[in-house]
1. Give the lysines whose C-alpha is closer than 17 Å to that of Lys295, dropping any in the same chain fewer than 8 places away, or say none.
2. Cys383's amide H: which non-local residues (gap 5+, or another chain) put their own amide H closer than 5 Å, with H modeled 1.01 Å from N in plane and none for Pro or chain starts?
3. Subtracting the Cα-Cα distance from 0.36 nm times the residue separation, let me have the gained length for Val260 to Leu241 in nm, one decimal.
4. Can you give the local net charge around Glu331? Use residues other than it whose beta-carbon is closer than 14 angstrom to its beta-carbon, Lys and Arg +1, Asp and Glu -1.
5. If you roll a 1.4 angstrom probe over the protein chains with everything in place, what fraction of the accessible area of segment 127-255 belongs to carbon and sulfur, to the nearest %?
6. Starting from the Cα of Ser151, step 7 Å toward the Cβ, then list every residue of segment 186-207 with an amide N under 20 Å from that point.
7. How big is the Kirkwood radius of segment 185-287, worked out from every pair of different alpha carbons and given in Å to one decimal?
8. Which lysines does Lys141 reach when only Cα atoms under 22 Å apart count, and residues fewer than 8 places away in its own chain are ignored?
Amino acid sequence: MSTSYLPATTDSIAQALEAKNPSESISIFYRILESPSSSPDSLRIKEQSITNLSDLLRQENRAEELRSLLTQLRPFFALIPKAKTAKIVRGIIDAVAKIPGTSDLQISLCKEMVQWTRAEKRTFLRQRVEARLAALLMESKEYSEALNLLSGLIKEVRRLDDKLLLVDIDLLESKLHFSLRNLPKAKAALTAARTAANAIYVPPAQQGTIDLQSGILHAEEKDYKTAYSYFFEAFEAFNALEDPRAVFSLKYMLLCKIMVSQADDVAGIISSKAGLRYVGPELDAMKAVADAHAKRSLKLFETALRDFKAQLEEDPIVHRHLSSLYDTLLEQNLCRLIEPFSRVEIAHIADLIELPVDHVEKKLSQMILDKKFAGTLDQGAGCLVIFDDPKTDAIYPATLETISNVGKVVDSLYVRSAKIMA
């Protein structure tokens, strides 16, 4: 950074923009910010310089410099309105977020800014930075810390009745509880977000986020038809905005179709005008799963899981539903294969279903324990012995019903005798 400052004028900005390389431009912008002038025009030029400088630092992946810039600008923030300060601070935090591998830096930066905003009594900005911090903590799986932060923030924002921020925080709380597998609280938080959103104008991106979360929660309750309609609404909103989340909404739409055994519709959705815009690994993964499901082939299913591990296994929402789908498919196939036998080698079943012997043996033992069929595993001989379905004797339920009725008669007689005695 140069020691001599440049006057905060449009000529200085033009000089920075015309510089031969980014490093030279960055140096000139720093020199503009060092100008001691605090006239309205100078402040406006400095604001413009900060925006350009943060963009350049982001392009150069200089996250630490963005962090130090935020600290360096604190005296400048005292000279400009609080709303402009909030815009600059959030802009720089957003710039750091666009640099890959900076999660820890973002968390520490947000914590620093929360302390500074508390000291400066900038409530509006602090609440937004705290909401951002809670989102970052959730992404880092620091769930308890994120919940503690949100619980205090929600009470404060409700008191101020800042509806737009309340929608953000309630949505974040819903995602947090969903990550912790607390479905009732996740639904309650989402309902609160919808209630707040109904009272104000919500930007399309925010509405899309609400619909996406609604779809995820309905899918978790196995209500895939309702989930599909929410994912479709979210997809339309994100698609119109060219938001990268559109492809995930489309992916979850395809997942819903597979889960309700309408895998044949998947190819049609992908080849539609909207679907063709997002052709790539995410949709290829769902198409492979749909093909495996349509053919009832566990081998194709496992191949899809292996070939598209990043898209299927590493997406927690898809992985959760595909795990239950895989178990259902495996059980259906095993029941169909063992039906003709009374005693069969486990190795033979494994050959028929094209899966490892130990995997098949483990699943069969689980199915016996879950009473999916009557049988036992003879591990010494490596065989499965299947029993005939035991016929229930009708005399036992009838006897129990008779005893129950006699009990009711005795109780009734006792009540009557008690009244006579009284």
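1. Within the straight-line limit of under 17 Å, Lys295 reaches these lysines: Lys257, Lys287.
2. Here the answer is Ile346, Asp378, since their amide H atoms fall under 5 Å of that of Cys383.
3. The Val260-Leu241 span can extend by a further 3.9 nm.
4. Details: positive: Arg296, Arg336, Lys362, Lys363, Lys371, Lys372; negative: Asp327, Glu339, Asp370.
Local charge sum for Glu331: +3.
5. Details: 3120 of 5770 Å².
That share works out to 54 percent.
6. From segment 186-207, the list is 186-193.
7. Values: mean 1/r = 0.0717 Å⁻¹.
That comes to 14.0 Å for segment 185-287.
8. Straight-distance partners of Lys141: Lys98, Lys111, Lys175, Lys185, Lys187, Lys309.
The values are calculated or read from the model by the stated rules, or taken from the named source; none is laboratory data. This one's a predicted model, so the numbers in the text were calculated from it and none came from an experiment. Cβ coordinates were reconstructed from backbone atoms using ideal geometry, including for glycine residues, and neighbour counts include every protein chain displayed. For accessibility, only protein heavy atoms count, side chains too; no ligands or nucleic acids. Shrake-Rupley method; radii C 1.70, N 1.55, O 1.52, S 1.80 Å.
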